[in-house]
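Sending over a structure as structure tokens; questions will come in a sec.
Just so it is clear, none of the values below were taken in a lab; they were calculated from the coordinates. The shown structure was predicted, so the numbers you read here are calculated from the model rather than taken from an experiment. Neighbour counts are summed over all protein chains in view; Cβ atoms, including those assigned to glycine, are modelled from backbone coordinates with ideal geometry.
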Amino acid sequence: MKKILLSAVAIMAGSLLAAYADPKDDVTSAAQKLDAGSNYTWQVTTTVPEGARFRRGPMDGKMQGSLTEVKWTMGDAHAHFVKDGTNAAVTDPDDGTWEKLSDVDTSGFPGRMLVGMVQNFKSPAAQAADLAADTQSLQQNGNAYTGTLTEDGAKKLLTFGRGRRGGGGGGPSISNPSGTATFWIDNGQLTKFEYNVKGTISFNGNDRPADRDVTVTFSDVGTTKIDVPDDAKKLLP
């Protein structure tokens, strides 16, 4: 009888722990697990209203240990980079030839933007963990976890993490930021996340409404392989 009572208590305790588990912990744990494995394929799709100034095309990427390969488009521009640790090779936007990141011409905006994107690149799994930290009141519905973004979280996403928190010159300011985020977890594995952010971006006295939906999907976890192009491989130590 004593053993039966102890078993019943253990089952009840487990049920109570499950009932009071924090959904944010589930999401953070799944994102960190994926990031620690450093082996997966992902795709990013971005949807913005017609007439939006910046229209990001799809982004496809792979991670295999210290190697990262990413391809993406923005408008008519195409980019492809391979990164091994802090070393990176990128394709020239004009002719598609490979060059070291340190050799990219940054005298114009396209070059500066490309170098900045590669240097500041953060893995999608790490981005998911950051997004979870900026999401409040996460609620679970099946394998989906949905919550509301904090004001600071929405601000960062509206300017790709580089926005100013207030007005003034020298950079964009954000007003009325808001957003939501949803994460999908299957058997402890983060399979997808998406977010929507809205607000008004002010730059040099001009106000522009912003409305962006971003979806990131993961696949081939643990089986992803990167075949580095020969011309890029020559530029990586």
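Over the Cα atoms of segment 109-237, Rg to Rh with Kirkwood Rh, two decimal places?
Using Cα coordinates only, the ratio equals 1.05.
Further question: Which entries in the list K192/K225; K156/K233; K192/K234 go over 28 Å, if you measure between the two C-alpha atoms of each?
Pairs exceeding the cut-off: K156/K233; K192/K234.
Given a Förster radius of 22 Å and the C-beta distance between T45 and D186 as r, what FRET efficiency does 1/(1 + (r/R0)^6) yield to the nearest 0.05?
0.65
Compute the FRET efficiency between K100 and Q136 as 1/(1 + (r/R0)^6), taking r as their Cβ-Cβ distance and R0 = 41 Å, and round to the nearest 0.05.
0.45
Could you tell me which of rounded, prolate or oblate describes segment 23-233, using a ≥ b ≥ c as the square roots of the eigenvalues of the alpha-carbon gyration tensor, with rounded for a/c under 1.5 and, failing that, prolate when a/b is larger than b/c and oblate otherwise?
Oblate shape, in that a/c is at least 1.5 and b/c is the bigger or equal ratio.
Another question, if that's okay. Using alpha-carbon positions, what is the distance between the centroids of segment 176-237 and segment 23-53, in Å?
So the two Cα centres are separated by 5 Å.
May I ask you to list the lysines whose Cα is less than 16 Å away from that of K155, ignoring any residue fewer than eight positions away on the same chain?
Hits, sequence-local ones excluded: K198.
Please list 3J(HN,Hα) in residue order for segment 56-71, calculated via the Karplus relation 6.51 cos²θ - 1.76 cosθ + 1.60 where θ = phi - 60°; whole Hz, with x for glycine and proline.
Per residue, the Karplus-derived 3J(HN,Hα) values read 7, x, x, 10, 10, x, 9, 10, 9, x, 7, 8, 9, 10, 9, 10 Hz.
Once fully extended, how much extra length lies between K33 and I226, figured as 0.36 nm per residue of separation less the alpha-carbon to alpha-carbon distance?
Gain on stretching K33 to I226: 67.4 nm.
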